[in-house]
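> Dropping the structure in here first, questions after.
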Amino acid sequence: MPIKVGIIGYGTIGKRVADAVRLQKDMKLIGVTAHCYNYKIHAAHTLGIPIYEIDDGVEAENHLSKYPSESLKDNGIKPAGKFEDLLDNVDVVVDATPKNIADKYKEQFYKPKKIKAIFEGGEKHSIAECSFVAQCNYEEAVGKEFIRVVSCNTTGLCRTLHAVNQAYGIESVHATMVRRAADPWDIYHGPINAIVPVLELPSHHGPDVRTVLHGLEIFTTAMSVPTTIMHVHSIIADVKKEASVKDIVELFNDTTRIRTVKNTERVRSTAEIMEFARDIGRLRGDMPEICVWEEAIGIHKKKLFYLQAIHQESNVVPENIDAIRASMGFKDGVKSIKMTNESLGIK
Ligand code: NAD
């Protein structure tokens with residue numbers, strides 16, 4: 001019997017997880033929720049995805065009340081049912097609502113209905129029984145009711161640092177996150193002409209990494225810059241065992257969900273990484289792998305330096321799929337990662 005999955009919140013992350021669920025042989029997408037009619041719901045309807053109406057009295061998106069024809073029915077969409085009907089028909093939900101909504105849904109619906117839930121990185125660690133990055137701590141999540149897939153930045157840090165830690169041991173890390181201002185569709189956020197430092201030390205990313213890589217000594221700083229395409233991390237790790245640049249390139253090339261990119265292949269920027277993703281025919285032009293620039297890997301004594309790029313819209317998508325399997329008791333993390341990767345065309 002396939003795992004029956006519902007998606008709550010069909011936005012940047014929700015719609016990608018829905019695509020990915022539809023590609024899994026062992027899962028079935030039962031439906032997604034909609035507050036109102038909009039282009040995303042129109043697209044879901046066109047794809048034949050059942051749509052369940054949700055009305056909790058909260059306006060889902062800015063200025064919706066300005067639009068007169070927001071009802072699904074008025075726009076030719078017959079809902080498959082209400083939010084509660086969706087919950088009654090699934091084994092697990094992926095709650096990809098904007099931050100701070102999931103906690104309410106957990107208490108009000110998921111717990112009483114005994115439904116497993118996967119939460120996203122906008123939520124606090126305490127919402128779930130564990131925070132999750134598949135290649136780092138899959139076993140910890142097996143059979144859990146509530147799992148939190150960490151944010152795109154934390155996922156990116158965990159993937160590469162876990163690999164380095166396993167192979168060479170890490171004394172301590174300092175990482176600076178250069179964060180995209182907004183997602184490409186987002187007309188509400190910025191900056192559009194400034195660099196905005198995070199005036200809080202450490203930034204929340206370091207403590208968040210430790211929810212997955214328990215005990216890792218890490219200190220992070222961050223800033224936002226005017227771009228919508230990817231975050232870049234500058235990472236300095238003090239390692240215990242000496243390594244060469246070639247060793248680290250090999251390590252990253254041999255580690256799942258990480259790929260090295262090269263200046264010599266004219267991949268000199270986040271823009272070119274995204275263009276490459278489109279050129280190789282990735283769904284939605286996504287790049288779920290963490291991309292490390294080969295020429296920007298450096299070693300000085302036992303200090304390792306590297307720069308990596310994170311496609312914020314897609315890198316957590318495979319993690320959500322593996323978290324679904326883990327929550328349902330599928331024990332073999334390596335196999336789950338392989339199944340997810342093959343279905344999504346990930347290295
Ligand atoms: P989004 O705004 O793109 O999508 C959220 C969706 O939820 C929208 O479709 C909206 O209509 C719907 N929604 C709003 N209020 C709702 C409610 N009360 N009930 C049900 N649905 C509601 O948000 P997103 O970027 O997909 O973020 C979702 C989660 O994923 C957050 O926790 C976020 O921190 C995390 N995340 C986002 C990114 C990213 O870069 N966008 C990356 C990693 C993790």
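The values are calculated or read from the model by the stated rules, or taken from the named source; none is laboratory data. Since the structure is predicted, the reported quantities are computational estimates derived from the model, not experimental observations. Note: ideal-geometry Cβ built from the backbone for every residue, glycine included; neighbour counts use all protein chains shown.
> Within the bounds of the range 119-133, is there any residue that is of a type in the set (Phe, Trp, Tyr), at pLDDT 95 or above and closer than 30 Å to Asp208 by Cα?
Yes, the range 119-133 contains at least one residue that is of a type in the set (Phe, Trp, Tyr), at pLDDT 95 or above and closer than 30 Å to Asp208 by Cα.
> How many of the residues in the range 200-212 are under 21 Å from the mean Cα position of the chain (by Cα) and surrounded by fewer than 22 Cβ atoms within 10 Å (Cβ to Cβ)?
Total meeting the criteria: 5.
> Next up: Going through Arg278, Arg284 one at a time, which residue ends up being surrounded by fewer than 18 Cβ atoms within 10 Å (Cβ to Cβ) and within 15 Å of the ligand (Cβ to nearest atom)? Steps first, answer last, please.
Details: Arg278 fails: within 15 Å of the ligand (Cβ to nearest atom).
It is Arg284.
> Looking at Ile324, Ile297, Ile273, Ile248, which is the one that is assigned by TED's automatic domain parsing to the domain that holds Phe146 and either within 15 Å of the ligand (Cβ to nearest atom) or surrounded by 15 or more Cβ atoms within 10 Å (Cβ to Cβ) (or both)?
When all the criteria are applied, what remains is Ile324.
> Next up: Under the condition of being within 20 Å of the chain's Cα centre (by Cα), buried (at least 19 other Cβ atoms within 10 Å of the Cβ) and aliphatic (A, V, I, L, M), which residue from the range 9-43 is nearest to the ligand (Cβ to nearest atom)?
Among residues in the range 9-43 that are within 20 Å of the chain's Cα centre (by Cα), buried (at least 19 other Cβ atoms within 10 Å of the Cβ) and aliphatic (A, V, I, L, M), the one nearest to the ligand (Cβ to nearest atom) is Ile13.
> Look through the range 110-121, keep the residues that are away from the ligand (no atom under 11 Å from the Cβ) and of a type in the set (D, E, K, R), and return whichever of them is surrounded by the most Cβ atoms within 10 Å (Cβ to Cβ).
Lys116
> Hey, can you tell me all the residues within the range 91-109 that are within 19 Å of Ala141 (Cα to Cα) and more than 13 Å from the ligand (Cβ to nearest atom)?
Scanning the range 91-109 gives Asp91, Val92.
> Say whether the condition of being part of a helix (DSSP H, G or I) and modelled with pLDDT under 95 is met by at least one residue in the range 256-263.
Yes, the range 256-263 contains a residue that is part of a helix (DSSP H, G or I) and modelled with pLDDT under 95.
> Now for a separate question. Does the range 52-67 contain at least one residue that is touching a helix residue (DSSP H, G or I) at 6+ places or on another chain (Cβ under 6 Å) and modelled with pLDDT of 95 or more? I'd like the intermediate steps shown before the answer.
In the first step, residues of the range 52-67 are kept if they are touching a helix residue (DSSP H, G or I) at 6+ places or on another chain (Cβ under 6 Å); the result is 52, 54.
Keeping just the survivors that are modelled with pLDDT of 95 or more gives 52.
Yes: one or more hits.
> For the range 171-198, give me each residue that is surrounded by fewer than 21 Cβ atoms within 10 Å (Cβ to Cβ) and not in a loop (DSSP other than H, G, I, E, B).
Hits for the range 171-198 are Glu171, Ser172, His174, Thr176, Val178, Val196, Pro197.
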